[in-house]
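We did not get these values from a lab; they are worked out from the coordinates using the rules stated. Bear in mind that the values here come from a model prediction, so they are computed numbers and not experimental data. Neighbour counts run over all protein chains shown; Cβ positions are idealised from the backbone, glycine included.
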Amino acid sequence: MSRFLLITLIVIILVLAVLFVVQPQVLEGIWMWFVGFAGYIVLLFRRASEGLTSLFAKSGAQVKASEPMPAATPASSQPGPPAAPALSDDRLKDLNEKIRVLENQLHNPTQTGQPLNSNTVTVMRYLDDGQTTLGLLFLKNRFFAYTLEDAHRDSKLAGKTRIPEGTYPLELNRVETPLTQRYRNRFAWFDYHIEIMQIPNFSRVYIHIGNSHADTEGCILIADGVNAADPQKMITHSRLAFERFYKTLHPMLDQGEKLTIQVLDEDWFDRSLIRQKTVSLALG
């Protein structure tokens, strides 16, 4: 029996080796399936554990019914954007509140010194630690995702420098590159990359998936979560945010609609000339 298992293991290893040489994309798909399956198993165990914990908690509550229960904290009826961890910088300690204020600003341009709502996509940078830039992405004036880019540099360093502030057209890059093919192999819904065009001294700048500055190469990464408290700034759940973003913009670009993106540096909040009361509310 043990000899049979050994032969089976050797055959599997040989098959995987052949796939790696002949069709690496198939091996990547198998690996992604295993990763997803493992994540699903972990999720099942977590939910089972939470269910048991809740069950025991309810049993304890019935035994001690005579003890006063603490008042429940009311939950908000409106789901908000993904919560960001507290930042060390006091001016950025309440991103969710700032997002709410910004959405109001974008829909009411008379309160601000510059019109921000004329573009399809708006990226507002708020933190640059010399290695990574974090920002907020608004799609048609509504908060949509967190962003991560490379840091600002006075002199461009290839693959390690964010694009300059400005307004640029968005287009589909209809060239089949190795990166295009890799995305198509991973996602059935993917066609061509969304490219930010007409950037001085930059080319092939995309909006795509990634988690840290090591993934950017000068592009803009988007995600549903952000970890800004650690020295290594990261964003999380990037694939989900990118899929929503892509499925929203791709049909419009594919039909030839003119879309633009406006990117604003960290001092946008001071330059927007927002009323003092609104500034105080947003900064806490």
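Note on ILE12 and LEU172: their simple-model spin labels are 4.1 nm apart, each label 7 Å out from Cα toward Cβ. Model label points for ARG239 and ASP154, set 7 angstrom from Cα along the Cα-to-Cβ axis, are 4.2 nm apart. Across the stretch 167-232 the C-alpha pair distances fall into 10 Å bins from zero in the proportions 19, 47, 27, 7 percent. Applying both filters, DSSP loop and at most 16 other Cβ atoms within 10 Å, to the chymotrypsin sites (Phe, Trp or Tyr not before Pro) of the stretch 160-190 gives PHE187, TRP189. For the stretch 121-188, averaging the sequence separation of C-alpha pairs within contact (under 8 Å, six or more residues apart) and dividing by the residue count gives a relative contact order of 19 percent.
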